Amino acid sequence: MIFFGHLGLTGLAAKAAEKSLGKITMDYRVVFIGSILPDVIDKPIGRILFAETFQTGRVFAHTLLFIVLLLGIGIVRYYLCRKNGWLVLAGSCLMHDVFDAMWLIPQTFYWPFYGLDFYAPPNSAWIKSGLLRLISDPTLYIPEIIGFIIILYFIIKIIVRHRINVFIKNGVL
């Protein structure tokens, strides 16, 4: 997935979790940030700043260690302050890794337990190949379309219910 798939499907998963957990509320601003945070961190590091070293856009923030770190911070924060923002962030980042099927790349997902190197795919023209896959690979464009529809639904719901300010201030959908 590229962008809308992560945002929409993670938002939908968070909404389902929120409904099933009852009294728990989530800040959807955190959900949406967490749904793309691994790419926001890793793409510049692995593809731009240290492209010669890593040659991939999936490095530190695509690892289970990153999720465990966020989860640890979240547990402490929840225990001390009863705030779930870091737990929501950890869950959203985990959903990102699930949608990227990171367990299929154990050298990266379980880093550093499989060594200190990250898996680097053989192709170097990642933007061009990604755009080509976006229009030709249904495993890529279908989640993007579904995610876009979900995000559009959330936006329409916020506008129709006149809750734009509530979303901006509190992250409530």
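The values are calculated or read from the model by the stated rules, or taken from the named source; none is laboratory data. These figures come from a predicted structure and were not determined experimentally. Here the Cβ positions follow ideal geometry from the backbone for every residue, glycine too, while neighbour counts run over all protein chains shown. Accessible surface areas use protein heavy atoms only, side chains included; no ligands, DNA or RNA. Shrake-Rupley method; radii C 1.70, N 1.55, O 1.52, S 1.80 Å.
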| note | The lysines whose Cα lies under 28 Å from the Cα of residue 43, excluding any fewer than 8 residues away in the same chain, are 15, 128
| In the stretch 12-76, what trypsin sites (Lys or Arg not before Pro) fall in a loop by DSSP, with at most 14 other Cβ atoms inside 10 Å? | 23
| query | What size of dipole, in debye to the nearest 20, comes out for the chain about its Cα centre when the only charges are +1 on Lys and Arg C-beta atoms and -1 on Asp and Glu C-beta atoms? | reply | 880 debye
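For the stretch 1-124, what is the convex hull volume of the alpha-carbon atoms per residue, in Å³?
Details: hull volume 13.5 nm³, N = 124.
Hull volume normalised by residue count: 109 Å³.
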| field | At 1.306 mPa s and 10 °C, Stokes diffusion of the stretch 63-173 via Kirkwood alpha-carbon radius, µm² per second | value | 93 µm²/s
| request: Could you look at the stretch 40-146 and say what percent of its accessible area is carbon and sulfur, using a 1.4 Å probe and all protein chains? | output: 72 percent
| task | Using a 1.4 angstrom probe, figure out how much accessible area the chain has per residue, in square angstrom, rounded to the nearest whole. | result | 61 Å²
| Toward the positive end of the charge dipole of the chain, about the Cα centre and with charges on Cβ (Lys, Arg +1; Asp, Glu -1), which of 1, 106, 167 goes farthest? | 167
| Can you pull out the chymotrypsin sites (Phe, Trp or Tyr not before Pro) in the stretch 93-173 that DSSP calls coil and that have at most 12 other Cβ atoms within 10 Å? | 113
| note | Of the candidates 22, 54, 35, the farthest towards the positive dipole end of the stretch 18-59 (Lys/Arg Cβ +1, Asp/Glu Cβ -1, centred on the Cα centre) is 22
